[in-house]
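Before any comments, here is the structure.
The values are calculated or read from the model by the stated rules, or taken from the named source; none is laboratory data. For clarity, every value in this text was computed on a predicted model and none was experimentally measured. Ideal geometry is used to build each Cβ from the backbone, glycine not excepted, and the neighbour counts take in all protein chains shown. Accessible surface areas use protein heavy atoms only, side chains included; no ligands, DNA or RNA. Shrake-Rupley method; radii C 1.70, N 1.55, O 1.52, S 1.80 Å.
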Amino acid sequence: MDLHIKETKQLVAEEFSEFFKEKCTTGEDVHIALSGGSTPKIVFDHLAKEYGADIDWTKVFLYWGDERCVPPSDDESNYKMTVEHLISKIDIPEENIFRIKGEDDPEEEAKRYSKVLDEQLPKANGIPYFDVVMLGMGDDGHTVSIFPYNIELWDMPENCRVAKHPDSGQKRVTFTGKIVNNAKTIAFLVTGAGKEEKVTAIHKKHDGYKEFPASLVAPKQGQLHWFLDQDAAAGL
């Protein structure tokens, strides 16, 4: 596990953007699962501005680790956020973008997207794998759309499942742990004082830390990176 701690959220975004650019300039095809959230917004803005012209986007293939079951025009859509902050600012072929169709029936879309991963990604251990999976973590320790209350979804055999937000009941299509942990590189982007308690519990293995889905992220074949600001890393 590699820790990258910077003073501010902006500096975290800048360091991760450089990390992202390096992963995308190997000359090989790169399959990346993106995440939503406030820190990725800053990452995508910086990435497009500083490195958009340096990356051969014909070799980059974009997917999403989870998506809210809303239309792509909805402000809650992770896809819409990525279009506004990254995709609209770079020259990436439309056929390289594999969005989760949040407007469709959730159960059917989870099955369809599972099939997309099977058909589009290379495989290791008989399981589709990403070159990079970006992850966030909620104040409750959730990651992708697997929450403490539905943590059993992590170990499900499918590539994707339907999850519900514990408070709003909103349905989401999410990767399972099988896909997350098969990635070559996993990168958490976690910022803000609200995350400090769970970051500390997970990294110091406090009692009950395994109840947090983010604690289950452990790549089988690759590297795990945590990009943190000082507020989130205060307890380390």
> How about the range 201-221: which of its residues are farther than 21 Å from residue 153 by Cα and open to solvent by less than 30 Å² (accessible area, probe 1.4 Å)?
Replying inline: 201
>> Just to verify a result, which residue in the range 182-200, among those that are hydrophobic (A, V, I, L, M, F, W, C) and part of a helix (DSSP H, G or I), is least open to solvent (accessible area, probe 1.4 Å)?
In response: 199
> For the range 166-181, which residues satisfy the criterion of being open to solvent by less than 10 Å² (accessible area, probe 1.4 Å) and over 23 Å from residue 71 (Cβ atoms)?
Replying inline: 176, 177, 179, 180
> Which number in (1) free of Cβ contacts under 8 Å to residues at least 40 places away in the same chain; (2) assigned to a helix (DSSP H, G or I); (3) more than 29 Å from residue 70 (Cβ to Cβ) marks the one condition that residue 206 misses?
Replying inline: (2)
> Has the range 110-118 got at least one residue that is within 20 Å of residue 221 (Cα to Cα) and either modelled with pLDDT of 95 or more or not charged (D, E, K, R) (or both)?
Replying inline: yes
>> Which condition from (1) over 21 Å from residue 145 (Cα atoms); (2) open to solvent by 20 Å² or more (accessible area, probe 1.4 Å) is the one that residue 38 breaks?
In response: (1)
> Assuming residue 128 fulfils every condition listed in (1) of a type outside the set (A, V, I, L, M); (2) out of contact with any Cys (no Cβ under 6 Å at 6 or more places or on another chain); (3) open to solvent by 50 Å² or more (accessible area, probe 1.4 Å) apart from one, which condition is it?
Replying inline: (3)
> Checking residue 36 against (1) in contact with a Gly (Cβ under 8 Å, 6 or more places away or on another chain); (2) free of Cβ contacts under 8 Å to residues at least 12 places away in the same chain, which single condition isn't satisfied?
Replying inline: (2)
>> Looking only at the range 202-228, how many residues end up being more than 22 Å from residue 123 (Cα to Cα) and out of contact with any strand residue (DSSP E or B) (no Cβ under 6 Å at 6 or more places or on another chain)?
In response: 12
>> Scan the range 43-62 and tell me whether some residue there is in contact with a Ser or Thr (Cβ under 6 Å, 6 or more places away or on another chain), surrounded by 16 or more Cβ atoms within 10 Å (Cβ to Cβ), under 27 Å from residue 232 (Cα atoms) and modelled with pLDDT under 95.
In response: no
> Just one of the numbered conditions (1) open to solvent by 20 Å² or more (accessible area, probe 1.4 Å); (2) of a type outside the set (Gly, Ala, Ser); (3) at pLDDT 95 or above is not true of residue 26; which one?
Replying inline: (3)
>> What are the pairs with Cβ atoms under 8 angstrom where one residue, in the range 4-21, is under 21 Å from residue 196 (Cβ atoms) and β-branched (Val, Ile, Thr) and the other, located anywhere, is open to solvent by less than 50 Å² (accessible area, probe 1.4 Å) and assigned to a loop (DSSP other than H, G, I, E, B)? Sequence gap at least six, or different chains.
In response: 5/233; 12/191
>> Here are the criteria: (1) touching a Phe, Trp or Tyr at 6+ places or on another chain (Cβ under 9 Å); (2) open to solvent by less than 40 Å² (accessible area, probe 1.4 Å); (3) over 24 Å from residue 192 (Cα atoms). Tell me which single one residue 154 does not satisfy.
In response: (1)
> Only one of 151, 127, 186 is among the hydrophobic types (A, V, I, L, M, F, W, C), touching a Leu at 6+ places or on another chain (Cβ under 7 Å) and at negative phi; which?
Replying inline: 186
